Amino acid sequence: MNKKLALTLALLLLLTVALSIPAHLHWSNETADAKDYDLTIGTSSEPIDWQDLLASVAQFQPPVSETAIPTTSVTVADKSVSILDGKLVGIVVDSPASILIFPANSDTIAPIQLGLGEGWLDGWSIQHIETDRVVWHNSTEQRSITQTLFQSSRTDG
């Protein structure tokens, strides 16, 4: 019984090897034929106009405003702008020290950066920068005001 099983397995193995040899030879001939093809990449002498190509894609078009938002003009009573009307949003104490502030009379969406001796309002300049506050000095009135982050407090001197 063992001889019969061993003989069957040996014949099955021999049959598998015999059938796999032609299959592998067939693939090797096809790969040899593939080497004969010319695989050079052709280059066009005409430059590609990328701007026109991207402009034709809808994702790269600016959004179309379907309904225009009406702008209403609000008149505000004329008041003088104070140095404390600006919103102090950041302080950099490293060298050189600077601050980030949203000036009251500006329509910018990003804060401006100012260093020592600079100012956003006429007559006012930064006298001292600390980790949590800025001291503004008005040279014409000889007065100082301390402004803290996101808040303001007055110190006349």
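Close amide H contacts of V92 (hydrogens built in the peptide plane, cut-off under 5 Å, sequence separation of 5 or more or a different chain): S98, I99, L100.
Amide H contacts under 5 Å for H128: V135, restricted to partners 5 or more places along the chain or on a different chain, H placed in the peptide plane at 1.01 Å from N. When peptides 125-138, 101-114 are sorted by average Cβ neighbour count within 10 Å, with the highest value leading, the order is 125-138, 101-114.
A short reminder: the numbers here are calculations on the coordinates, not readings from a lab. Being a predicted model, the structure only gives us computed values, none of them experimental. Every residue, glycine among them, receives a Cβ derived from its backbone with ideal geometry; neighbour counts consider all protein chains shown.
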